[in-house]
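What follows is a short report on a single structure.
The values are calculated or read from the model by the stated rules, or taken from the named source; none is laboratory data. Just so we're clear, the structure is a prediction, and the values are computed from it rather than from any experiment. Every residue, glycine as well, gets a Cβ built from its backbone with ideal geometry; the counts of neighbours run over all protein chains shown. Calculation scope for accessible area: heavy atoms of the full protein, side chains included, ligands and nucleic acids excluded. Shrake-Rupley method; radii C 1.70, N 1.55, O 1.52, S 1.80 Å.
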Amino acid sequence: MQYETLVGVDELAQALSADRSKVLVVDCSFDLADRRAGRRLYEGGHIPGARHADLEEVLSGAKTGTNGRHPLPERDSFARAMRALGAHDDTQVVAYDNAGGMFAARLWWLLRWAGHRAAAVLDGGMAAWRAAGLPVETDEPARAASGTFSLRDALTRTVSLDTLRASLGSGEYLIMDARAADRFRGENETLDPIGGHIPGARNRFFRDNLTDAGLFRSAEELRRDFEALAGGVPVRQWVNQCGSGVTACHNLLAQAVAGLPGAALYPGSWSEWSAQPGTPVATGPQD
């Protein structure tokens with residue numbers, strides 16, 4: 001069976017037991033306040049056979065100072081990284097992390113951006129795996145034989161800063177901001193030099209996609225919430241953004257779970273937008 005959004009811990013355990021060679025498990029654990037924390041978490045215990053992919057080194061590209069905190073990697077570079085992890089074009093990739101899918105969803109989106117359908121996020125992540133009493137190991141697996149992962153037509157869409165800026169006030173796009181409400185309002189900003197949001201954006205905190213137990217909410221609940229936020233605007237006009245293009249992918253995953261695929265990502269997000277001279281900034285609650 002191919003998984004394209006979420007996979008449960010029992011399903012993953014069964015898939016690994018059936019044929020581990022067909023599944024690549026990737027630990028995307030990270031901490032925005034401590035970039036070494038992800039590696040420490042991985043070394044402290046991970047799903048057997050899992051490999052680690054660092055947000056800064058694998059899931060992001062080079063920073064210029066104006067292109068955001070986590071710009072997209074070059075597609076060729078990302079494909080090389082996936083081959084180094086042992087991925088083939090028919091490999092089922094399952095990403096997980098320590099943060100409710102916050103970082104794993106970035107890998108899920110990048111894989112779809114590279115044209116790879118067999119990509120999923122482990123629902124509940126490492127916490128759910130441990131809670132189920134499933135095995136954990138601390139040894140890193142032997143270096144993988146290079147895979148044959150290749151780039152195919154993208155299964156995702158992106159919108160650039162220039163396109164988004166030119167569209168403001170036109171109604172062409174509905175911008176959904178995945179940051180916490182206080183950062184959206186321009187309060188308690190600790191990651192970017194300027195607080196606020198893109199004018200006209202609507203706030204959808206990515207953690208609202210999860211239950212108190214850290215699992216994704218039902219497709220019906222997610223669909224209801226996103227459609228209410230959109231107010232009748234078609235999915236193809238939705239643009240997801242956040243602080244640096246990472247947690248916006250969590251909203252994109254939740255939309256796919258809800259049966260609402262096809263929205264775009266603004267990769268640079270607020271960290272790019274706020275670094276450009278003259279870009280308009282709004283503060284306070286959404287319009």
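The Cα-based radius of gyration and maximum Cα-Cα distance (Dmax) for region 146-186 are 16.4, 48 Å.
Calculated on C-alpha atoms, the gyration radius of region 9-157 divided by its Kirkwood radius gives an Rg/Rh of 0.95.
Cα extents for region 24-82 along the principal axes, largest to smallest and rounded to whole angstrom: 37, 27, 9.
Can you tell me the order of 124-136, 47-59 when each peptide is scored by its average per-residue count of other Cβ atoms within 10 angstrom, highest first?
47-59, 124-136
Note on Ser146 and Glu187: their simple-model spin labels are 5.3 nm apart, each label 7 Å out from Cα toward Cβ. Distance between the 7 Å Cα→Cβ label points at Glu220 and Lys63: 4.4 nm. Dividing the summed helix terms, -39500 (n - 2.57) for each DSSP H run of n ≥ 4, by the number of residues in the chain produces a 222 nm estimate of -8000 deg cm²/dmol to the nearest 500. The convex hull built on the alpha-carbon positions of region 144-233 has an orientation-averaged projected area of 10.2 nm².
Taking all protein chains as they are arranged and a probe of 1.4 Å, the heavy atoms of Tyr96 leave approximately 0 Å² accessible to solvent.
Heavy-atom accessible area with a 1.4 Å probe sorts Ile194, Ile175, largest first, into Ile194, Ile175. The simple spin-label model puts a point 7 Å past each Cα toward its Cβ; for Ala213 and Ala282 those points are separated by 3.7 nm. In summary, region 121-189 shows an alpha-carbon radius of gyration equal to 1.90 times the 2.2 N^0.38 Å reference for compact globular proteins. In whole percents, the pair-distance distribution calculated for region 240-287 from its alpha-carbon pairs, binned every 10 Å from zero, is 26, 42, 28, 4. Put simply, the convex hull of the Cα atoms in the chain casts, on average, a shadow of 14.2 nm².
Based on Cα atoms of region 54-126, Rg over Rh with Rh as the Kirkwood radius reads 0.97.
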